[in-house]
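Q: What follows is a single structure, and I will ask about it in a moment.
The values are calculated or read from the model by the stated rules, or taken from the named source; none is laboratory data. What you see is a predicted model; the values in this text were computed from it and never measured. Positions of Cβ are generated from backbone atoms using ideal geometry, with glycine treated the same way; all protein chains shown enter the neighbour counts. Remember, those area values only see protein heavy atoms, side chains included, never the ligands or the DNA or RNA. Shrake-Rupley method; radii C 1.70, N 1.55, O 1.52, S 1.80 Å.
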Amino acid sequence: MPASSPAIFRPLQRHEQILDIVKLLLLGAGVFWLLMLGEEHLNYQWQWYLVPRYIFTWKHGVFTPGPLLEGLFVTFQITGLSLVLSMLFGLTAAIFGLSQSYVARLVSRCYVELIRNTPLLIQILFIYFVIAPVFDIGAFTSAVLALSLFEGAYASEIFRGGIESIHKGQWEAAYSLGLSTADTYRKIILPQAIKRILPPLTGVLVSLVKDSSLASTIAVYELTQQGQLVIADTFLTFEIWFLIAIMYLAVTISLSWAAAALERKMNSEN
């Protein structure tokens, strides 16, 4: 490691910390000024006081979620189910891609290339209008399946990289002990690979949260769809869209912070 590299982690001096705070305040002031300038040109009457009721209401000690909060819960459901399935699809595709079987490698490559090189929106519409009627599945299941296949294709490359990072001596030792390929993956390779790829896999979760908004195109009542319905009833166009963006931002930033904390913890343990 170069001798100069530790300087990257040098603690900031007090005057540098103050300068950073000033820069942040100036940036915030600039953003606020742009918003005010845009408001003048739009000639739009902001009505933020009407927005809270669409998030939740609290009357007589009873908490009632509004349509936006209900939509966020549906977004979490889509994301959670899609995450589990995308990990399964990704791991299967990665193992197939590293297989000695030509057919397995061909299936893996076709899946990855087809999914990664076509738009997610087209995939959602294709599954909903072509595949769903055949198997009699609804819009929610169609959205989960499309998101799982899409993110699974990206996760497969992460899994593949993690598996290939394990030294070949681990494979040789496993085979010398008489372990089958399945047992080698399950007991030796994957436990080591998972530790290495867990932080980048959190990026798949963040992408799922954002991409779940496309489920609104097939009438799944997640956050974006609920926002569109509120806008249609109230004409609070900018207020609702800004609020939806903030809700997505809060979720994805929280996940990114959790991923960074997890990565720091894993690095400290190594």
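Q: Determine if the stretch 204-225 includes at least one residue that is under 20 Å from the mean Cα position of the chain (by Cα) and at pLDDT below 85.
A: For the stretch 204-225, residues under 20 Å from the mean Cα position of the chain (by Cα) and at pLDDT below 85: absent.
Q: Same structure, new question: Name, by its number, the condition in (1) at pLDDT below 90; (2) in a helix (DSSP H, G or I) that does not hold for Leu91.
A: (1)
Q: What's the number of the condition Phe63 fails, among (1) assigned to a helix (DSSP H, G or I); (2) modelled with pLDDT of 85 or more?
A: (1)
Q: Name the pairs: first residue in the stretch 230-253 and closer than 30 Å to Gly203 by Cβ and hydroxyl-bearing (Ser, Thr, Tyr), second residue open to solvent by 20 Å² or more (accessible area, probe 1.4 Å) and in a helix (DSSP H, G or I), Cβ to Cβ under 7 Å, at least 6 apart or on different chains?
A: Going by the 7 Å Cβ cut-off, the qualifying pairs are Tyr248/Lys210; Thr252/Val206; Thr252/Lys210.
Q: Follow-up question, since we're still on this one. Among residues belonging to the stretch 231-251 that are over 25 Å from the mean Cα position of the chain (by Cα) and not acidic (Asp, Glu), point out the one that is most open to solvent (accessible area, probe 1.4 Å). Can you show your working first?
A: Step one: filter the stretch 231-251 for residues over 25 Å from the mean Cα position of the chain (by Cα), giving 231-237.
Narrowing further to those that are not acidic (Asp, Glu): 231-232, 234-237.
Values: Ile231: 25, Ala232: 67, Thr234: 37, Phe235: 152, Leu236: 2, Thr237: 51 Å².
Across the stretch 231-251, the extreme among qualifying residues is Phe235.
Q: Out of everything in the stretch 169-189 that is within 12 Å of Leu98 (Cβ to Cβ) and not polar (S, T, N, Q), what residue ends up being least open to solvent (accessible area, probe 1.4 Å)?
A: Looking at residues that are within 12 Å of Leu98 (Cβ to Cβ) and not polar (S, T, N, Q), I get Ile189.
Q: Give me a count of the residues in the stretch 1-34 that are part of a helix (DSSP H, G or I), of a type outside the set (Phe, Trp, Tyr), at pLDDT below 80 and surrounded by 10 or more Cβ atoms within 10 Å (Cβ to Cβ). Let's see the steps before the verdict.
A: Kept after step one, since they are part of a helix (DSSP H, G or I), are these residues of the stretch 1-34: 5-9, 14-34.
Next, only the ones that are of a type outside the set (Phe, Trp, Tyr) stay: 5-8, 14-31, 34.
Checking the rest, the ones that are also at pLDDT below 80 come to 5-8, 14-17, 20.
If we keep only those that are surrounded by 10 or more Cβ atoms within 10 Å (Cβ to Cβ) too, we end up with 16-17, 20.
Going through the stretch 1-34 one residue at a time, the tally reaches 3.
Quick grid of which residues meet (1) of a type in the set (Lys, Arg); (2) over 20 Å from the mean Cα position of the chain (by Cα); (3) open to solvent by 50 Å² or more (accessible area, probe 1.4 Å):
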{"position": "Leu37", "(1), (2), (3)": "no, yes, yes"}
{"position": "Tyr49", "(1), (2), (3)": "no, yes, yes"}
{"position": "Leu69", "(1), (2), (3)": "no, no, no"}
{"position": "Ser82", "(1), (2), (3)": "no, no, no"}
{"position": "Leu91", "(1), (2), (3)": "no, no, no"}
{"position": "Gly138", "(1), (2), (3)": "no, yes, no"}
